[in-house]
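Data block below; observations after.
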Amino acid sequence: MSTINIQVPKNSDRLDRYLSQELSDLSRSRIQQLIEQGHVQVNDQICTSKKVNLKIGDRISLAIPAIEPLQLIAADIPLDILYEDEELIILNKPAGLVVHPAPGHPDGTLVNAILAHCPNLPGIGGIQRPGIVHRLDKDTTGAIVIAKTDLAYQHLQAQLQAKTARREYLGLVYGVPKTETGSIDLPIGRNPQDRKKMGIVSLEDGGRAAITHWQVQERLANYTLIHFQLETGRTHQIRVHSAKIGHPIVGDPLYSSAHSIGVNLPGQALHAWKLQLQHPVSGKLLQVTAPLPRSFTTLLEVLRRRSGVC
């Protein structure tokens, strides 16, 4: 455990705001957590209220507990790294790789791989773990950002909530949309008839607002390559919305299982193509493009030949 001692030089703001300004390597939520856990003293008295107003001469003592190791085993899984620095890492995730350990997938996940790649993580919320800012389904490929520090995690999550981070996908769907562009604004929730699926569920019944924008990239006979942009990030959002409008994602085992394309795919033909966000420390705009996996490009080549495009 390390201890930081500060003497307030002037009448100041409330405790959590002051500490977040003074300690740039700790996020405000982490500081609030430490206050609530009794790790902060003001004038030698434990203070568990973040709203205490500080005065000139107040003495603050902040004890930071040692990072707790995460009870997961690191796994040496190859990573396709698109960008990396001390705050974050952006990867091109392959099909078949689960992002986070869960029942049925306790190990061999992207988190296990990150633990092996970054053995000295500073930790998120006091635990030595990578910060999963957003997720990709097991069989969806493409760009995914993972925070290495608590500050980066909070900043990147805030960008997603404020819709300033931009996520773009390429997906191959069955059928031919009648228009070139469109938007799908339908709430998504757990399917009450099949808990493994998501579905269109009204807000009154527990669904959450979900908006997907799309634009035709290429028409290939009875298939269409579509550029998707997410305004929200619900579980299976693109897959559910595409199926709802009658154009399910090719190879999707949950939402287009009645369709067949005659080509073996390792997962659904959905790829997180581009990711744009603001760096949590430098403020620099990061724009990363994840190359399509070989299986996806091969499928497009096959469909182009079938449709006489090439």
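The values are calculated or read from the model by the stated rules, or taken from the named source; none is laboratory data. Note that this is a predicted model, so its numbers are computed, not measured. Methodologically, a virtual Cβ is constructed for each residue, glycine included, from the backbone with ideal geometry; neighbour enumeration extends over all protein chains shown. Protein only, heavy atoms only, side chains kept; ligands, DNA and RNA dropped before computing areas. Shrake-Rupley method; radii C 1.70, N 1.55, O 1.52, S 1.80 Å.
Could you check, for the stretch 172-185, whether at least one of its residues is among the basic types (Lys, Arg) and touching a strand residue (DSSP E or B) at 6+ places or on another chain (Cβ under 6 Å)? Full working, then the answer.
Taking the stretch 172-185 and keeping what is among the basic types (Lys, Arg), we get 178.
Within this subset, residues satisfying the condition of being touching a strand residue (DSSP E or B) at 6+ places or on another chain (Cβ under 6 Å) are none.
No, because not a single residue in the stretch 172-185 is among the basic types (Lys, Arg) and touching a strand residue (DSSP E or B) at 6+ places or on another chain (Cβ under 6 Å).
What residue, among those in the stretch 184-194 that are in a loop (DSSP other than H, G, I, E, B) and under 22 Å from the mean Cα position of the chain (by Cα), is nearest to Ala221 (Cα to Cα)?
Initially, the stretch 184-194 is screened for residues in a loop (DSSP other than H, G, I, E, B), giving 186-187, 191-194.
The next check asks that each one be under 22 Å from the mean Cα position of the chain (by Cα); those that pass are 186-187.
Working: Leu186: 28, Pro187: 31 Å.
Checked the stretch 184-194; the qualifying residue nearest to Ala221 (Cα to Cα) is Leu186.
Taking the stretch 199-209 as the region of interest, how many residues are within 17 Å of Gly246 (Cβ to Cβ) and open to solvent by less than 30 Å² (accessible area, probe 1.4 Å)?
Within the stretch 199-209, the subset within 17 Å of Gly246 (Cβ to Cβ) is 199-200.
Pick out the ones that are also open to solvent by less than 30 Å² (accessible area, probe 1.4 Å) and you get 199.
Qualifying residue count, the stretch 199-209: 1.
Could you list all residues from the stretch 9-30 that are in contact with a helix residue (DSSP H, G or I) (Cβ under 6 Å, 6 or more places away or on another chain), of a type outside the set (D, E, K, R), outside any loop (DSSP other than H, G, I, E, B) and at pLDDT below 85? I'd like the intermediate steps shown before the answer.
Within the stretch 9-30, the first condition is being in contact with a helix residue (DSSP H, G or I) (Cβ under 6 Å, 6 or more places away or on another chain), and the residues that meet it are 12, 16, 19-20, 27-30.
Imposing the further condition that a residue be of a type outside the set (D, E, K, R) reduces the set to 12, 19-20, 27, 29.
The next check asks that each one be outside any loop (DSSP other than H, G, I, E, B); those that pass are 19-20, 29.
Once the filter is applied, which keeps residues that are in contact with a helix residue (DSSP H, G or I) (Cβ under 6 Å, 6 or more places away or on another chain), of a type outside the set (D, E, K, R), outside any loop (DSSP other than H, G, I, E, B) and at pLDDT below 85, the stretch 9-30 yields Ser20, Ser29.
Kindly evaluate Ala152 against the criterion of being among the small types (Gly, Ala, Ser), within 13 Å of the chain's Cα centre (by Cα) and open to solvent by less than 40 Å² (accessible area, probe 1.4 Å).
Yes: the conditions hold for Ala152.
Can you give me the number of residues within the stretch 33-47 that are in a helix (DSSP H, G or I) and open to solvent by less than 40 Å² (accessible area, probe 1.4 Å)?
The first filter runs over the stretch 33-47 and keeps only residues in a helix (DSSP H, G or I), leaving 33-36.
Applying the additional criterion that residues be open to solvent by less than 40 Å² (accessible area, probe 1.4 Å) yields 34-35.
Within the stretch 33-47, residues that are in a helix (DSSP H, G or I) and open to solvent by less than 40 Å² (accessible area, probe 1.4 Å) number 2.
Under 8 Å by Cβ, and 6 or more places apart or on different chains, what pairs join a residue from the stretch 246-259 that is touching a residue at least 60 places away in the same chain (Cβ under 8 Å) with one that is aromatic (Phe, Trp, Tyr) and in a loop (DSSP other than H, G, I, E, B)?
Final answer for the pair search is Pro248/Tyr255; Ile249/Tyr255.
Look at the stretch 155-183 and say how many of its residues are assigned to a loop (DSSP other than H, G, I, E, B), open to solvent by 40 Å² or more (accessible area, probe 1.4 Å) and of a type in the set (A, V, I, L, M). First the steps, then the outcome.
Taking the stretch 155-183 first, the residues assigned to a loop (DSSP other than H, G, I, E, B) are 163-165, 175-180.
Now restrict to residues that are open to solvent by 40 Å² or more (accessible area, probe 1.4 Å): 163-164, 176, 178-180.
With of a type in the set (A, V, I, L, M) added as a condition, the list becomes 176.
Matching residues across the stretch 155-183 total 1.
Suppose we filter Lys55, Lys93, Lys50 for residues that are among the basic types (Lys, Arg) and open to solvent by 70 Å² or more (accessible area, probe 1.4 Å); which single one remains? Let's see the steps before the verdict.
Working: Lys93 fails: open to solvent by 70 Å² or more (accessible area, probe 1.4 Å); Lys50 fails: open to solvent by 70 Å² or more (accessible area, probe 1.4 Å).
The conditions single out Lys55.
Would you tally the residues in the stretch 7-32 being open to solvent by 30 Å² or more (accessible area, probe 1.4 Å), over 25 Å from the mean Cα position of the chain (by Cα) and touching a residue at least 12 places away in the same chain (Cβ under 8 Å)?
8
Considering only the stretch 174-195, I want to know if a residue exists there that is farther than 28 Å from Pro248 by Cβ, modelled with pLDDT of 90 or more and aliphatic (A, V, I, L, M). Let's see the steps before the verdict.
Step one: filter the stretch 174-195 for residues farther than 28 Å from Pro248 by Cβ, giving none.
Within the stretch 174-195, none of the residues are farther than 28 Å from Pro248 by Cβ, modelled with pLDDT of 90 or more and aliphatic (A, V, I, L, M).
Confirm whether Gln276 is open to solvent by less than 60 Å² (accessible area, probe 1.4 Å), within 29 Å of Asp194 (Cα to Cα) and either at pLDDT 95 or above or part of a loop (DSSP other than H, G, I, E, B) (or both). Can you show your working first?
Details: open to solvent by less than 60 Å² (accessible area, probe 1.4 Å): yes; within 29 Å of Asp194 (Cα to Cα): no; either at pLDDT 95 or above or part of a loop (DSSP other than H, G, I, E, B) (or both): yes.
In short, no.
Given the criteria at pLDDT below 95, among the hydroxyl-bearing types (Ser, Thr, Tyr) and open to solvent by less than 70 Å² (accessible area, probe 1.4 Å), does Thr109 qualify? Break it down into steps so the answer makes sense when it comes.
Details: at pLDDT below 95: yes; among the hydroxyl-bearing types (Ser, Thr, Tyr): yes; open to solvent by less than 70 Å² (accessible area, probe 1.4 Å): yes.
Spelling it out, Thr109 is indeed at pLDDT below 95, among the hydroxyl-bearing types (Ser, Thr, Tyr) and open to solvent by less than 70 Å² (accessible area, probe 1.4 Å).
Mind counting the residues in the stretch 281-294 that are more than 15 Å from Ala143 (Cα to Cα) and open to solvent by less than 40 Å² (accessible area, probe 1.4 Å)?
So the count comes out to 1.
Looking at (1) of a type in the set (Asp, Glu); (2) under 19 Å from the mean Cα position of the chain (by Cα); (3) buried (at least 21 other Cβ atoms within 10 Å of the Cβ), which one does Glu231 not meet, given that it meets all the others?
With respect to (1) of a type in the set (Asp, Glu); (2) under 19 Å from the mean Cα position of the chain (by Cα); (3) buried (at least 21 other Cβ atoms within 10 Å of the Cβ), Glu231 is out only on (3).
Given the criteria in contact (Cβ under 8 Å) with a residue 24 or more places away in the chain and open to solvent by less than 40 Å² (accessible area, probe 1.4 Å), does Ile188 qualify?
Numbers: in contact (Cβ under 8 Å) with a residue 24 or more places away in the chain: yes; open to solvent by less than 40 Å² (accessible area, probe 1.4 Å): yes.
Taking the combined requirement at face value, the residue satisfies it.
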